[in-house]
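Q: There's a structure below that I have some questions on.
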Amino acid sequence: MKFTINRNQFIKKISNVQRAISTKTTIPILTGIKLELSQEGLTITGSDVDISIQTFISVSDADNELHIENTGAIVLPARFFNEIIKKLPGEQFTLNVVENNQTIIKSGKTEFTINGLDANSYPRLPEVESNEKLSISAEMLRQLVDETVFSASKQENRPILTGLHLKISAEKLLGVATDSHRLAQRIVKVNNQSDNDYDIVVPARSLKELEHCLIEDNSEIKISISENQILFEFQNTLFYSRLLEGNYPGTDRLIPTSSDTQLTFDAKSLLQSVERASLLSHASRNNVVRLAIDVNASKVTLYGNSPEVGTVEENLTTEALSGADLEISFNPDYLKEALQAFGDTKIEVEFTSALHPFTLKPSDNKENFIQLITPVRTF
Amino acid sequence: MTIVQEQPQITAELAKTITTQHVVHAYLFTGSNQAQVQRVGIWFMQALFCPHAKEGYPCLQCNFCQRIQNNDFPDVLTLATDKKSLGVDDIREAKRELEQTSVEASGRILLIKQAEKLTTSAANSLLKFLEDPVGKVTALLLTKSVIAVLPTIQSRVQILSLADSVDTNLQVDLQEKGYSDNDLTIIQQAHLEDELMANIAGDKFKQLKQVAQTWVQQLAHNPWQAFIAVSTTILPAVENRLQQQLLLSLMEWYFSQQLNQAVDDHVKLQWAKQITMAFLHAKQLWTANVSLQNSLEQLALQATNLSKRG
């Protein structure tokens, strides 16, 4: 296999693929990057088994300055290959695989000879059926991931909770993540032209990586789902992720339908208040803040305290206030992360009782975005 | 010689479980020759995943078989360590990985080499997984001896023992390195194959054999001399922990010889029993990180007590 290509263009294209390659892998060949050359162009693959990213550089795109002499495939050690390409002197470089997987990389007056690996040993990426029936805008997908994934569990004792539960029925995509202390649920619209419904759990880490790949991308993303893989397709790039095995716990019944106390806040100012209160709660052993609601006096107070350091008390500004009086304690970090996900908007907080979870919803999108936080018993 | 020829019985048995679809979720392979145990393990994985398998026997030629052989297959997760133990963190990471769906094959395999290296907490963390794996996962534990594995693990896996057989590959290999036929017989009878995996030259082996033999005799006839010999002849002869291991295994072999010879003589037998027990204790101490010098010197002191009483 032998080709010449524009160096900058090549570096740009492989930056996404690099994301998938991990140095920690126990499978030696996965420390490599796979290059496969056909008459149509160059396919580059990186994988750490959990996720695999593949990108295609077309010969028909003149910017790439791709000239193919003969086709073939090779796996090169990713870390070195990447550094080498970055430091090459010329505008273009030529890559030539000679015998025994030895690869000569030439640019300007420099010539590297690298020992490659047999491309046949590289894992085959699964053939996920691409029926082009499911698609979503990059913007929507980014939002979905941003607004839910932080709630996924980071502990391994219930592995299924480390993923994001995705349910697709008709034109509705519902994403739920929970670590059993809090929950985030977001509903977005997808273009679903098939009759299939899907119910899968995707590892949170994969989605975070996907999000990085999608930055500055506003195209439409095609999604294909098979029994054990999900594939996202955008701009000549394929992003594969494995799924999590097992059944996700039912979360629908966790979300309360009625409430006794309702508050409306400006998310940004509430966030600042919680951050202040958490300064002291972090210093105490159990990291809890207390919220006292007095409806008649229309007073909402947030208390934080640390036996060693001191206490903080703040009267919160509410936009609206109704229902019964209540005192409730909770972990401020959960509220903080939930508010960060809302951004700059008005939110409605609804409580049932001191020991029941409370919900947060943005006022302008109540149906499609809900966050749930479980309180802490302090008596 | 292929593994199927070396271990015809166990491979036939495994092939049969595949064709009759009686593959269980967890196996423990044991055998005194670790290299052979590993080859059976790899063969079994190939048999499970090979798309061209005939009657449970893998083709060994196809891309799947080749990649499993080279440890390049994404649905096989191998746990092995050069350190002294496999900790709970290694198991946790493996469990995280195994919770995910397979990439190419229809299921996944967790291969644990040297399962005796699992710490108690690691083994316990593995228990739940062995009881109730999520999805189609086969666990394959390889070990030297069953008793080195927690009983709770033993009860959750199917245990298969490899038949003792001559490892011809190793013998040819060793002959090339300058081992005599006499040495090879000892190696085979004393099951020293594992210790020799780490390239010990024929001359070194002869030297260690000599040291071990003289010391064991000294211990019987002149324990005080043996005490001194620990620092004068034994310590200069061994260079690293592997050689220490080999030396101890050789001594074990000579002690068992001694027992065999003393079997008719009641008085001698009593003594041989006691000294062998004391040696096994010393070896245990060595495994638990007491230095070789200390464990052997203590053994020599015990020997002086024994001979006083005798």
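The values are calculated or read from the model by the stated rules, or taken from the named source; none is laboratory data. Everything numeric here is computed off the predicted structure, so don't read it as measured data. Here Cβ is always computed from backbone atoms with ideal geometry, including for glycine, and neighbour counts include all displayed protein chains. Heads up: the accessible areas ignore ligands, DNA and RNA and are worked out on the full protein's heavy atoms, side chains in. Shrake-Rupley method; radii C 1.70, N 1.55, O 1.52, S 1.80 Å.
Q: Are there GluC sites (Glu not before Pro) in the stretch A:284-376 that DSSP puts in a loop and that have at most 15 other Cβ atoms within 10 Å, and which ones?
A: Loop-located and lightly packed - A:Glu308, A:Glu319, A:Glu367.
Q: Residue by residue through A:320-330, how many Cβ atoms from other chains fall within 10 Å of the Cβ on average?
A: Neighbouring Cβ atoms belonging to other protein chains average 0 per residue here.
Q: Evaluate the charge dipole of the stretch A:313-352 about its Cα centre and quote only its size in Debye, nearest 20, assuming +1 on the Cβ of each Lys and Arg and -1 on the Cβ of each Asp and Glu.
A: 140
Q: If packing is taken as the mean number of other Cβ atoms within 10 Å per residue, what is the order of B:108-121, A:110-123, highest first?
A: Going by the mean number of other Cβ atoms within 10 Å, highest first, we get B:108-121, A:110-123.
Q: Any idea how far apart B:Lys84 and A:Glu91 come out in nm if each label point goes 7 Å out from Cα toward Cβ?
A: Taking the simple label geometry, B:Lys84 and A:Glu91 are separated by 6.2 nm.
Q: Just the number please: accessible area per residue for chain A, 1.4 Å probe, all protein chains included, in Å².
A: Per-residue accessible area for chain A comes out at 47 Å².
Q: Quick one: which of B:151-160, A:180-189 comes out on top by average Cβ neighbours within 10 Å, and what's the full order, highest first?
A: Per-residue Cβ counts within 10 Å, averaged per peptide and sorted highest first, yield A:180-189, B:151-160.
Q: Given a cut-off of 28 Å, name the pairs among A:Lys268/A:Lys366; B:Lys83/B:Lys136; A:Lys24/A:Lys222; A:Lys12/B:Lys95; A:Lys13/A:Lys189; A:Lys299/A:Lys361 whose C-alpha atoms lie farther apart than that in the structure shown.
A: From the list (A:Lys268/A:Lys366; B:Lys83/B:Lys136; A:Lys24/A:Lys222; A:Lys12/B:Lys95; A:Lys13/A:Lys189; A:Lys299/A:Lys361), the Cα-Cα distance tops 28 Å for B:Lys83/B:Lys136; A:Lys24/A:Lys222; A:Lys12/B:Lys95; A:Lys13/A:Lys189.
Q: I need the calculated FRET efficiency for the pair B:Gln171 and A:Asn8, taking r as the beta carbon distance and R₀ as 60 Å, to the nearest 0.05.
A: 0.55
Q: Further question: Please compute the average number of Cβ atoms from other chains found within 10 Å of each residue's Cβ in peptide B:65-75.
A: Mean number of neighbouring Cβ atoms from other chains: 5.
Q: Stretch B:Glu93-B:Asn124 to full length: gain in nm at 0.36 nm per residue minus the Cα-Cα span?
A: Going from the current span to full extension adds 9.7 nm.
Q: Rounded to the nearest 10 Å², what accessible area does B:Met277 show when all protein chains are kept and the probe is 1.4 Å?
A: The accessible area comes out at roughly 140 Å².
Q: Give me the net charge for the shell around A:Glu216: Cβ to Cβ below 13 angstrom, other residues only, Lys and Arg +1, Asp and Glu -1.
A: Here the count lands on -1.
Q: Further, regarding this structure: What do you get for the angle between helix A:267-281 and the principal long axis of chain A? Use alpha-carbon atoms, 0 to 90 degrees, nearest ten.
A: 80
Q: At 1.4 Å probe size, what's the solvent-accessible area of B:Trp224? Round to the nearest 10 Å².
A: Number for this one is 140 Å².
Q: Using the Karplus curve 6.51 cos²θ - 1.76 cosθ + 1.60 with θ = phi - 60°, work out ³J(HN,Hα) for each residue of the stretch A:356-364 in order, rounded to whole Hz, and write x for Gly and Pro.
A: 9, x, 10, 10, 10, 9, x, 4, 8
Q: Another one. On average, how many beta carbons from a partner chain sit within 10 Å of the beta carbon of a residue in B:46-54?
A: Counting Cβ atoms of other protein chains within 10 Å of each residue's Cβ and averaging gives 0.
Q: Tell me, which residues of the stretch B:127-144 get at least 30 Å² less accessible area when the other protein chains come in, versus the chain alone (1.4 Å probe)?
A: Residues losing area: B:Val134.
Q: Which peptide among B:71-78, B:12-19 comes first, and what is the full order, when sorted by highest mean count of other Cβ atoms within 10 Å?
A: B:71-78, B:12-19
Q: Considering only protein heavy atoms and a 1.4 Å probe, what is the carbon-and-sulfur percentage of the accessible area of the stretch A:255-373?
A: After summing per-atom areas, the C and S share lands at 44 percent.
Q: Alpha carbon centre of the stretch A:321-379 versus the stretch A:83-121: separation in Å?
A: Going from one Cα centre to the other spans 56 Å.
Q: Need the per-residue list for the stretch B:88-119: every residue with at least 30 Å² less accessible surface in the complex of protein chains than in the chain by itself, probe 1.4 Å, sorted by number.
A: Buried-area filter returns B:Arg96, B:Glu97, B:Glu99, B:Gln100, B:Thr101, B:Ser102, B:Val103, B:Glu104.
Q: Roughly how much accessible area, to the nearest 100 Å², goes out of reach of solvent when A and B pair up, both sides summed, probe 1.4 Å?
A: 2000
Q: Within the stretch B:173-309, what whole-number % of the accessible surface is contributed by carbon and sulfur, with the 1.4 Å probe and all protein chains included in the calculation?
A: Heavy-atom surface of the stretch B:173-309 belonging to carbon and sulfur, 1.4 Å probe: 52 percent.
Q: Follow-up. Quick one: helix B:8-19 against the long Cα principal axis of chain B, what's the angle to the nearest 10°, folded into 0 to 90?
A: Value to nearest ten degrees: 20.
Q: Let me check I've understood the local charge: for A:Ser329, count other residues with C-beta under 9 angstrom from its C-beta, Lys and Arg +1, Asp and Glu -1. What total comes out?
A: Charge balance near A:Ser329 sits at +1.
Q: Okay, next question. Arrange the residues A:Phe150, A:Phe369 by how much accessible surface each exposes, largest first, with a 1.4 angstrom probe.
A: Per-residue accessible area, sorted high to low, gives A:Phe150, A:Phe369.
Q: Where Lys and Arg each count +1 and Asp and Glu each count -1, what net charge lies around A:Ile68 among other residues with Cβ under 14 Å from its Cβ?
A: Once all neighbours under 14 Å are counted, the net charge is -4.
Q: Could I ask something else about it? Enter the angle in degrees (range 0 to 90, nearest 10) between the Cα long axis of helix A:138-148 and the first principal axis of the Cα atoms of chain A, meaning the one along which they spread out most.
A: Approximately 50 degrees, to the nearest 10.
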